[in-house]
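The structure under discussion appears below in the form of structure tokens.
The values are calculated or read from the model by the stated rules, or taken from the named source; none is laboratory data. Note that the coordinates shown come from a computational prediction; the quantities given were computed from them, not determined experimentally. Using ideal geometry, Cβ is built from the backbone for each residue, glycine included, and neighbour counts are taken over all protein chains shown. Note: accessible area is taken over every heavy atom of the protein model, side chains too, but ligands, DNA and RNA are not part of it. Shrake-Rupley method; radii C 1.70, N 1.55, O 1.52, S 1.80 Å.
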Number of protein chains: 2
Amino acid sequence: MTARIIDGSAVAKKVREDVAGGVDRLVAAGGTPPGLATILIGDDPASEVYVRSKRRLSVAAGMQDLHRHLPGDVDQETAAALVDELAADPAVSGILLQLPTPGHLDSDALLARIPAEKDVDGLTTLNAGRLAQGRAALRPCTPAGVMRLLEEYEVSLSGAEAVVVGRSVLVGKPMAQLLLAAHATVTMAHSRTRDLAEVCRRADVLVVAAGIPGLVGADAVKPGATVIDVGIHRGEDGLHGDVEFGPVSEVAGAITPVPGGVGPMTIAMLLANTLTAARVQQGIAD
Amino acid sequence: MTARIIDGSAVAKKVREDVAGGVDRLVAAGGTPPGLATILIGDDPASEVYVRSKRRLSVAAGMQDLHRHLPGDVDQETAAALVDELAADPAVSGILLQLPTPGHLDSDALLARIPAEKDVDGLTTLNAGRLAQGRAALRPCTPAGVMRLLEEYEVSLSGAEAVVVGRSVLVGKPMAQLLLAAHATVTMAHSRTRDLAEVCRRADVLVVAAGIPGLVGADAVKPGATVIDVGIHRGEDGLHGDVEFGPVSEVAGAITPVPGGVGPMTIAMLLANTLTAARVQQGIAD
């Protein structure tokens, strides 16, 4: 084991404490506590677990839990009406639609109804455009969490070679934009990439968000590189990422474990986004 | 000279002829000719030349020229009111605000008033977001023109290594998105890139849009690569690009000249976007 372990749980705790302090200052300045409206449709057990964590941690940070639960057979119009109601409600700082929604619903159409200013998941098209054009925006939580980890561990990005594996709208694409904004030379690799290991070996900073267990092994990592593993997969012997942790940690300079790496950062950045949204809506700077 | 010369003038002519045919079919199907509203503010000679070309070629393609000229000292409110008027006018299929606008105006705020459906330059934040999220959108004309050249010359993109030099909102960033959507492995390089020549040498397809005359020389090009030069600079002995044409054309497999490469494609794609916008607005498919 040579790589430094990037402790996402510790950084996430720090972010949550910072957010709690920010909520206190917002209230002390005459504002109202940020309100997070999580929307859960149906009873998917994994989604329930995620939503419960988000609600619990938002309350722990001093926010208002404005959770809404709709039955799994709800129709599109009713779900849309709920989003519109929350969009218009001044007590709601942020709206989070837990994905995936049941198959009969058009989740894109529901997301499109969330005003960009309350889009604390950073998933609306307008926020994606703001990010692409280098404007202020609420950023998708997972890539924003990765950036925070890199910052916390003082990983140098300007002029560095960064490789992002995976090009999802949720993670890979915004991740590349954020690394580019930090002045890295950014390569976007994916399932069609000809020699993935060769491309990955260029990276000073390698972010793997492909959703394929163990995709990246030690042969794909430059000695000393920083490796960020966004994957999470449940195996018979526990949770695993997209990176072969054991072998890669003997080559990399720093690496995120799974669990305890990127995972806890996602909710922490959701809380940070919700505080930011509340400050903007209430016109109270920190 | 070994490289094949990519004849942008010929491809642009073909695109314009295709657009003219599409306009005929739109009208034959009961539609009205697309209307292009160019907005020129002030009397910058270069901008006048560009706008005149756009108007002339749109008329040649059978479109309506709905040009508007505002004095250089116009105030923001008046300019905004004109954009709003054109946005509401059903005869206007596309709105093009010629950039740069005079320094006292906020051009971003003017662009933001253009409805995404009439944004034939593909510059609004919503269209940038649609592109980033892989949705249907009017695309920025220059990168769309590059894609058309690559298609016309049957340059294979899936799995290819593409390098884009320059990260502007107008060209570099949307270029990278379009190449990624075509399944290339895409690297975004820029002024902070450590060893630009080394990064460029990886490219099967190299798109240079840095705005620096002669930035890319033969040492930065892999033998056989396709080199697209978006730069255009006026020197004492004529126009030059970002690429050293002479030396690079002895290494590359194919290359765009300056002038006569990417340049003519930009207006051709503007016309194509205007036709697309008119079809969508009039509800008449081709």
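Brief remarks on what is shown
- Shortest-first nm distances, B:Arg25 label point to equivalent points in other copies (7 Å, Cα→Cβ): 6.0
- Per DSSP, loop GluC sites (Glu not before Pro) in the range A:173-245 with at most 10 further Cβ within 10 Å: A:Glu236
- Calculated [θ] (222 nm, deg cm²/dmol) that DSSP helices of n ≥ 4 give over chain A, each run adding -39,500 (n - 2.57): -12500 deg cm²/dmol
- Of the DSSP H helices in chain A, those whose Cα atoms cover at least 24 Å axially and whose Kyte score averages 0.5 or more: A:263-282
- Taking θ as phi - 60° and the Karplus parameters 6.51, -1.76 and 1.60, the scalar couplings of the range B:35-44 work out to x, 10, 9, 7, 10, 10, 10, x, 10, 4 Hz in sequence order, x denoting glycine and proline.
- Rolling a 1.4 Å probe over the protein heavy atoms of the range A:178-280, with every protein chain left in place, gives an accessible area that is 54 percent carbon and sulfur.
- The range B:31-121 shape via C-alpha gyration tensor axes, a/c threshold 1.5: oblate
- Accessible area buried by the pairing of B and A, both sides summed with a 1.4 Å probe, works out to roughly 3200 Å².
- About the centre of its Cα atoms, the range B:91-148 shows a dipole size close to 260 debye [charges on the beta carbon of Lys, Arg (+1) and Asp, Glu (-1) only; nearest 20 debye].
- Copy B relates to copy A by a rotation, and the B residue whose beta-carbon is nearest that axis, with the distance in whole angstrom, is B:Gly129, 1.
- Counts of other chain beta carbons within 10 angstrom of each beta carbon in peptide B:166-176 average 2.
- Take each residue of peptide B:113-126, count the partner chain Cβ atoms within 10 Å of its Cβ, and average: the result is 2.
- Which of A:Ser168, A:Ala203, A:Ala254, positive extreme of dipole for the range A:141-264 (C-beta unit charges): A:Ser168
- Under 26 Å from A:Lys222, Cα to Cα: lysines that are on another chain or at least 8 residues apart: A:Lys173, B:Lys222
- Label distances, nm, B:Asp84 versus same residue in remaining copies, Cβ-directed 7 Å point: 2.5
- Cα gyration tensor category, rounded, prolate or oblate, for the range B:141-264 with a/c compared to 1.5: rounded
- Whole-Hz couplings from phi, Karplus 6.51/-1.76/1.60, listed for the range A:110-121; x for Gly and Pro: 5, 4, 5, 7, 6, x, 3, 6, 10, 7, 6, 8
- Mean separation of Cα pairs under 8 Å and 6 or more residues apart, divided by the residue count, gives chain B a relative contact order of 23 percent.
- Vicinal HN-Hα couplings computed from phi for the range B:197-209 (Karplus, 6.51 cos²θ - 1.76 cosθ + 1.60; Hz; Gly/Pro x): 4, 5, 5, 5, 5, 6, 6, 7, 10, 10, 10, 10, 9
- Neighbour-limited loop hits for GluC sites (Glu not before Pro), the range A:135-187 (at most 11 other Cβ within 10 Å; DSSP other than H, G, I, E, B): A:Glu154
- Rounded D (µm²/s) - chain B, Kirkwood Rh over Cα pairs, Stokes-Einstein at 4 °C, 1.567 mPa s: 66
- Gyration tensor verdict on the protein assembly as shown (Cα atoms; rounded if a/c is under 1.5, prolate if a/b is larger than b/c, oblate otherwise): oblate
- Distances in nm from A:Asp106 to the matching label points in the other copies, shortest first (labels 7 Å along Cα to Cβ): 3.3
- For residues of B:180-186, the mean tally of beta carbons on other chains within 10 Å: 5
- Counted by Cβ distance under 11 Å from B:Pro140, the other residues give a net charge of 0, where Lys and Arg count +1 and Asp and Glu count -1.
- Amide H partners (placed H, <5 Å) of A:Thr38, local residues excluded: A:Leu66, A:His67, A:Arg68, A:Leu96
- Placing +1 on the Cβ of every Lys and Arg and -1 on the Cβ of every Asp and Glu, with no other charges, gives chain A a dipole of roughly 640 debye about its Cα centre.
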